[in-house]
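Here's the structure we're looking at; comments come further down.
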Amino acid sequence: MKHSFPIPVRGALRNLSPYSPGKPIWELQQELGLSNIIKLASNENPLGPSPKALEVVAQSLSDLHRYPDASTVRLRQALAAHHQMTPEQFIVSNGGDELITLIAKTFLEQEDEVIVCSPSFSEYEFGTHLMGATVVQVPLGPSFKFDREAIINAVTARTRWLCLCSPNNPTGTYLTRKDLHYILDALPKDILVLLDAAYSQFATASDYTDGLEFVRAGYPVIVLQTFSKLHGLAGLRAGYGAASETLIQQIVKVKEPFNVNALAQIAATAALRDNEHIRLTLETNREGKLQLYHAFQKMGLPYVESMGNFVLVEFGAEAKGVYESLMARGIIVRYGEIWNLPRHLRISIGNREEISALTQAIADILACG
Ligand SMILES: Cc1ncc(COP(=O)(O)O)c(C=O)c1O
């Protein structure tokens, strides 16, 4: 018997589209019957998790009958020491993703507008739609650079939140310190600015800013950070926001008491101090990026210079076919269609062997035409 669903859902849900994650390794393994899958689709750390984090996790397993610290005190103290700020200027979340919905729940009314750049990370739109508010998209400029005038021109009396992702996922382009400063000075002071700096540690440009200097200077900015990328803890889920104490106090009101699990808290605290893992990760990313650039140049494939741990590369009309052929060979990357970039693939920077296998596969696929 077919059941109709009689309970009306919130109107806001009509605009919600589910997050589109990278295909999981197990699923492709099952589909292809392959044991060796290369996943370069979710900007994960190719070296694995921070070894210091693994150590403390192993030591803490027998405490799992205890609830986690609802206030994440130790981790916030470690973050305060790390960034020379106060513990009260931090909120820890179940990944950076949760911070985005927490901000939306704290600040958005239905009549509000949220400015997002396009293409960018999809979760800002998710948070906005969750609250029934309106997304205002501002396209990036030529070469996917941020267009500060277009951003400012998009502001209306209804704008409550501006989301800036730098380095930007999926383009790898970034907002310069000067442009962020210009935008912050031009904005009405009742607009919250999210500077999503999930990939900040990979950025090497001297005019890049992770936004914290503007938090310290008292601008209405919240900086998003994550332990998923540099520290390799994506599976544990830990991220955080850094902002003024008063801003953080408001966001804390909407968070679930135990939003960050116990293992994530201790692992993140240890990973923050794991300088060797951080150093190796950055070195691997730097070398891998050059290896990818070199291969793309050889194959005549245009790519966008990236400040992140991924590269957006243009295949033109063949992009979807290349994506599917890579998948058939057990290599998972991201097809750009989800960002309205049907001619592009976004490829996470893996380790040397993964990149060699990828670029060899691309060369084979293109040669077969
Ligand atoms: C730009 C950006 N921000 C935030 C996140 C959230 O990361 P997490 O929820 O794993 O901390 C991601 C993850 O891919 C991202 O690409």
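The values are calculated or read from the model by the stated rules, or taken from the named source; none is laboratory data. Small disclaimer: the values here were computed from a predicted structure and weren't measured. Reconstructed Cβ throughout: ideal geometry from the backbone, glycine too, with neighbour counts over all protein chains shown.
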Quick one: in the range 6-49, of everything that is among the hydrophobic types (A, V, I, L, M, F, W, C) and touching a helix residue (DSSP H, G or I) at 6+ places or on another chain (Cβ under 6 Å), which residue is nearest to residue 286 (Cα to Cα)? 47
Candidates 291, 297, filtered to the one that is outside any strand (DSSP E or B), surrounded by 14 or more Cβ atoms within 10 Å (Cβ to Cβ) and away from the ligand (no atom under 16 Å from the Cβ): 291
Candidates 81, 70, 58, 53 - the one that is of a type in the set (Gly, Ala, Ser), within 16 Å of the ligand (Cβ to nearest atom) and modelled with pLDDT of 95 or more: 53
Here is a list of conditions, (1) in contact with a helix residue (DSSP H, G or I) (Cβ under 6 Å, 6 or more places away or on another chain); (2) part of a loop (DSSP other than H, G, I, E, B); (3) small (Gly, Ala, Ser), and residue 306 meets all of them except one; can you say which number that is? (1)
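Could you tell me how many of the residues in the range 167-191 are farther than 13 Å from residue 148 by Cα and either in contact with a Phe, Trp or Tyr (Cβ under 7 Å, 6 or more places away or on another chain) or modelled with pLDDT of 95 or more (or both)? Outline the logic, then answer.
So in the range 167-191, the residues farther than 13 Å from residue 148 by Cα come out as 167-173, 188-191.
Those left that are additionally either in contact with a Phe, Trp or Tyr (Cβ under 7 Å, 6 or more places away or on another chain) or modelled with pLDDT of 95 or more (or both): 167-173, 188, 190-191.
Count: 10.
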Can you pull out every residue in the range 28-76 that is within 19 Å of residue 345 (Cβ to Cβ) and either without any contact (Cβ under 8 Å) to a residue 24 or more places away in the chain or among the small types (Gly, Ala, Ser) (or both)? 41, 42
Six or more apart or on different chains, Cβ under 7 Å: which pairs go from a residue in the range 100-122 that's in the same structural domain as residue 222 (by TED's automatic domain parsing) to one that's within 12 Å of the ligand (Cβ to nearest atom) and of a type in the set (Phe, Trp, Tyr)? Could you list them? 100/124; 114/124; 116/124; 119/339; 122/19
State whether the residues of the range 59-80 include one that is surrounded by 15 or more Cβ atoms within 10 Å (Cβ to Cβ), in contact with a Phe, Trp or Tyr (Cβ under 7 Å, 6 or more places away or on another chain) and either farther than 18 Å from residue 257 by Cβ or outside the structural domain of residue 124 (by TED's automatic domain parsing) (or both). yes
